[in-house]
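A short worksheet on the structure shown next.
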Amino acid sequence: MLTHLVMQFARDAAAFVFLRSDDAIKKFAARRFRDAAAARGITAELVPGILPVSNFTQLKKMAAGCNTTVPAWMGRLFEGLDDKPAARQLVAATVAAELCRRLYAGGVRHFHFYTLNRAELSYAICHMLGVRPAVAAQELAA
């Protein structure tokens, strides 16, 4: 993955968005990945891609196609929720918000959310993280 980033950086990329396994997120949060990237000459910001889980079965298929894995603990959280979309969304938002909190604690300040036409889930995650929409000037004047 790092070699691919070096090649992209050589093409004048301003920032990188990536999605990897739970283990890669831990390394990223611990700065090992970012330090290794900097040692290879990558000076652009590395932005983790956050994919809220709206369909766990689909996530497993996508992960297999990307040659990565989904952590077993996540599978246990979504177990039995196939026919419970509201509960599934609550779990998905909580898992993604906690992941963002861990990354933020590790120094990450920007995130890229893959909404997959499910903006309400990303909106809920941002809300849990304390991000609120800017209030329009005319609303303040009212």
Conditions (1) out of contact with any strand residue (DSSP E or B) (no Cβ under 7 Å at 6 or more places or on another chain); (2) modelled with pLDDT of 70 or more; (3) part of a helix (DSSP H, G or I); number of the one not met by F9
(2)
Quick check on the stretch 97-111: of everything there that is surrounded by fewer than 16 Cβ atoms within 10 Å (Cβ to Cβ) and not aliphatic (A, V, I, L, M), which residue is farthest from L46 (Cα to Cα)?
E98
What number of residues within the stretch 36-78 are in contact (Cβ under 8 Å) with a residue 40 or more places away in the chain and among the charged types (D, E, K, R)?
1
Flagged pairs (Cβ under 7 angstrom, 6 or more apart or on separate chains; first in the stretch 113-127, closer than 15 Å to N55 by Cα; second of a type in the set (S, T, N, Q) and assigned to a helix (DSSP H, G or I)) are T115/S122; L121/Q89
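Matching residues to (1) crowded, with 17+ Cβ neighbours inside 10 Å; (2) hydroxyl-bearing (S, T, Y); (3) modelled with pLDDT of 90 or more; (4) under 25 Å from R32 (Cβ atoms):
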site	(1), (2), (3), (4)
W73	no, no, no, yes
A86	no, no, yes, no
A119	no, no, no, no
Y123	no, yes, yes, no
A137	no, no, no, no
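The values are calculated or read from the model by the stated rules, or taken from the named source; none is laboratory data. None of the values given here were measured: they were computed from a predicted structure. Virtual Cβ from ideal backbone geometry, glycine too; neighbours counted across all protein chains shown.
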